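Asks: Mind having a look at this structure? Questions to follow.
Any read-out appearing in this document is the output of simple, stated calculations on the displayed coordinates, not a laboratory observation. Only a predicted model underlies this, so the values are computations on that prediction, with no experimental measurement involved. When we count neighbours, we look across all protein chains shown, and the Cβ atoms used for this are built from the backbone with ideal geometry, even at glycine.
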């Protein structure tokens, strides 16, 4: 009877290389999933508010969530987004590591319920987006602006929040980010930014949903 041959155990280096190859092979799938998290095929294909501000985007992320509350209730949480306002309903501790000074609200505050075109919505005490479009209970579109005495940003950016009434009085909240590159190295900044945005947006969508459903 011939001896049983054992399959040699891979070395740590071989195992690490195999894991790296596996991750690399799946990166396009993971990237696509992160860019389209929670969105339906119809939402991915739809033209949403703010799309016309950046017609030929180099990078687009569309994410969504169903909220068991009517659009008018969800809107009250969306419109008070911002640093120094209602926060972003995401990982405050992570944002504050970078000095954002964000505190996500758990209540509706009337002082934050009004936004107009041209208003600033801060991401950080020294970083703000401009309100490009606002249609109460339907859509809010923010866009990047070049601040005085600062170099042009590596990309132009829009951040849209679109609310659509769904079955049973619920709401589909769809969030779309659009980036267009202004330099050859823009992608090196935009891609990691969008990856971080996925983590924060997923938490934000859950945060808005929990708050809106709780207050219905």
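Asks: How would you rank 76, 178, going from fewest to most other Cβ atoms within 10 Å of each one's own Cβ? All intermediate terms of the calculation are to be shown ahead of the outcome.
Replies: Working: 76 21, 178 25.
Going from sparsest to densest Cβ surroundings: 76, 178.
Asks: Sort 109, 133 so the one with the fewest other Cβ atoms within 10 Å of its own Cβ comes first.
Replies: 109, 133
Asks: If a/c stays under 1.5 just call it rounded; otherwise compare a/b with b/c (prolate if a/b is bigger, oblate if not). Do that for region 71-216, with a ≥ b ≥ c from the square roots of the Cα gyration tensor eigenvalues. Mind showing how you got there, number by number?
Replies: On the way: a/c = 1.65, a/b = 1.57, b/c = 1.05.
Prolate is the answer for region 71-216, as a/c is 1.5 or above and a/b outweighs b/c.
Asks: A further question on this structure: With a 10 Å Cβ neighbour count serving as the proxy for reagent exposure, in which order, fewest first, do 52, 45 appear? Walk me through the intermediate numbers first.
Replies: Working: 52 12, 45 9.
So the residues, fewest neighbours to most, are 45, 52.
Asks: So, one more: Note down the relative contact order for region 81-216 as a percent, whole number, built from C-alpha pairs under 8 angstrom at least six residues apart. Don't skip to the end; give the middle numbers.
Replies: Details: 196 pairs, mean separation 24.3, N = 136.
Computed over region 81-216, the figure is 18 percent.
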